[in-house]
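Working notes, beginning with the structure itself.
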Amino acid sequence: MAVLKLSMVCFLLFILHSNAQTLSLDFYSKTCPSLAKTVSDTTARFIYAAPSLAPALLRLHFHDCFVDGCEGSILLNSTSNNTAEKDAIPNRSLRGFQVIDAVKLEVEKKCPGQVSCADILALVARDAVSQIKGPFWKVPLGRRDSRVSIGSRALTNLPPPFFNITQLIASFASKGLSVKDLVVLSGGHTIGVSHCSSFTTRIYNFTGRGDADPTMDPNYVTELKKVCGPTDTTTIVQMDPGSSKDFDNDYFSIVKKRRGLFQSDAALLNNAETSKYIQSHSFNQFDKTFFSDFAESMQKMGSIGVLTGTAGEIRRVCSVVN
Ligand code: HEM
């Protein structure tokens with residue numbers, strides 16, 4: 001009887017272990033010891049040639065994690081009977097998929113069938129940001145890849161640029177992220193670009209009467225109008241004009257000056273906690289607490305809804321299920 005009980009306990013422990021929702025830094029230490037170097041070297045080749053890919057890769061990771069967790073569903077292609085997340089409207093401006101594919105190819109050469117695309121994306125985003133002299137954060141590993149990617153889930157899970165502060169806080173809270181995470185991670189907008197179409201309503205037709213958002217600096221509205229026509233869908237502008245390739249504290253001074261590009265940026269002035277963070281980080285360019293805060297929040301974001309244990313699969317090619 002005692003033996004039976006013991007084997008039952010062992011079996012239960014085995015089940016619990018195989019489904020455990022934990023990631024670990026040494027997850028691939030035996031199955032792919034060269035992983036970190038392979039990912040970092042391959043990413044560096046791309047970033048060296050085109051530093052503007054760093055913001056694209058950071059955003060790719062964010063859009064993966066917010067839609068059903070960091071499980072690589074953003075990387076899957078649509079099929080004849082399914083529109084994948086990649087093809088949903090908010091994701092059509094995503095870039096950098098070729099970097100993930102190239103890194104996966106290199107990793108597969110060294111450790112076939114071992115490393116998930118979700119882990120590769122998390123590592124590439126971190127490496128790309130740190131390679132442009134941005135913050136570095138630890139990436140616990142062990143994510144597995146989903147077998148599904150549903151376009152409509154992107155629409156319901158990604159915060160759009162016109163969200164107000166209440167909606168933004170609720171969106172982040174639904175992913176287990178705090179108000180502080182919201183303001184810190186929005187600081188990711190210190191790098192990268194936006195299409196005009198993401199904010200033209202704000203500068204041309206805010207309330208449907210041909211007006212601009214009164215919370216945006218009117219001089220900035222004028223500047224933006226010179227670059228973006230009302231129906232422009234192709235032009236891109238830097239979100240942190242002049243230093244959109246540098247990961248710095250500029251985002252917070254921009255928002256403070258009412259020059260944040262999206263309503264979601266401006267909205268951060270409408271809450272005591274987010275506004276306080278903006279005020280205190282907009283003065284000192286050498287204040288590195290933003291970097292350590294960003295690192296902490298990225299680790300949290302990177303663990304949203306992960307698949308572990310025996311859930312999902314390890315995709316062989318990131319854009320298709322096995
Ligand atoms: C708080 C809610 C957020 C909203 C509403 C938002 C919205 C947007 C929009 C509309 C764009 C421009 C897309 C385009 O037109 O090309 C963009 C770009 C970007 N976002 Fe966000 N975002 C948010 C949070 C985040 C977070 C949490 C991160 C990362 C930690 C992030 C990183 C980026 C980056 C790096 C870009 C530039 C991408 C590139 O250069 O290709 N965003 N975001």
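The values are calculated or read from the model by the stated rules, or taken from the named source; none is laboratory data. Here the structure is a predicted model, which means the values were calculated and not measured. FYI the Cβ positions are ideal-geometry reconstructions off the backbone, even for glycines, and counts take in every protein chain you see. Heads up: the accessible areas ignore ligands, DNA and RNA and are worked out on the full protein's heavy atoms, side chains in. Shrake-Rupley method; radii C 1.70, N 1.55, O 1.52, S 1.80 Å.
List the residue pairs whose Cβ atoms are under 6 Å apart, where the first residue sits in the range 22-37 and is over 16 Å from Arg144 (Cα atoms), the second is surrounded by 12 or more Cβ atoms within 10 Å (Cβ to Cβ), and the two are 6 or more positions apart or on different chains.
Close Cβ pairs (under 6 Å, with a partner that is surrounded by 12 or more Cβ atoms within 10 Å (Cβ to Cβ)) amount to Ser34/Lys110.
Could you figure out which of (1) within 16 Å of the ligand (Cβ to nearest atom); (2) on the phi > 0 side of the Ramachandran plot; (3) buried (at least 17 other Cβ atoms within 10 Å of the Cβ) isn't true of Lys133?
Here Lys133 clears every test but (3).
Restricting to the range 102-120, what's the tally of residues that are over 13 Å from Ile314 (Cα atoms) and of a type outside the set (Asp, Glu)?
Residues flagged as over 13 Å from Ile314 (Cα atoms) and of a type outside the set (Asp, Glu) within the range 102-120 amount to 5.
Going by what's in this entry, would Thr38 be described as in contact with a Lys or Arg (Cβ under 7 Å, 6 or more places away or on another chain), farther than 20 Å from Ala154 by Cβ and β-branched (Val, Ile, Thr)?
yes
Looking at (1) among the hydrophobic types (A, V, I, L, M, F, W, C); (2) under 16 Å from the mean Cα position of the chain (by Cα); (3) open to solvent by 10 Å² or more (accessible area, probe 1.4 Å); (4) within 8 Å of the ligand (Cβ to nearest atom), which one does Phe163 not meet, given that it meets all the others?
Every condition holds for Phe163 apart from (2).
Residues are listed down the side, and each one gets a yes or a no for (1) more than 30 Å from Thr201 (Cβ to Cβ); (2) assigned to a helix (DSSP H, G or I); (3) at pLDDT below 95:
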site: Pro90; (1), (2), (3): no, yes, no
site: Arg95; (1), (2), (3): no, no, no
site: Ala102; (1), (2), (3): yes, yes, no
site: Ala125; (1), (2), (3): no, yes, no
site: Pro135; (1), (2), (3): yes, no, no
site: Ala154; (1), (2), (3): no, yes, no
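Go through the range 205-232 residue by residue and tally those that are open to solvent by 30 Å² or more (accessible area, probe 1.4 Å) and in a helix (DSSP H, G or I).
7
Within the range 233-249, work out how many residues are open to solvent by 20 Å² or more (accessible area, probe 1.4 Å) and of a type in the set (Gly, Ala, Ser).
Qualifying residue count for the region: 1.
Does any residue of the range 302-316 turn out to be within 14 Å of Asp250 (Cα to Cα), open to solvent by 60 Å² or more (accessible area, probe 1.4 Å) and of a type in the set (S, T, N, Q)?
no
Tell me, please, whether a residue that is within 16 Å of the ligand (Cβ to nearest atom) and modelled with pLDDT of 95 or more can be found in the range 22-44.
yes
Could you check the range 79-129 and list, in sequence order, the residues that are of a type in the set (S, T, N, Q) and surrounded by fewer than 17 Cβ atoms within 10 Å (Cβ to Cβ)?
Thr79, Ser80, Asn81, Asn82, Thr83, Ser93, Gln98, Gln114
I'd like the full set of residues that are open to solvent by 10 Å² or more (accessible area, probe 1.4 Å), within 6 Å of the ligand (Cβ to nearest atom) and not β-branched (Val, Ile, Thr), limited to the range 189-204.
His189, His195, Ser198
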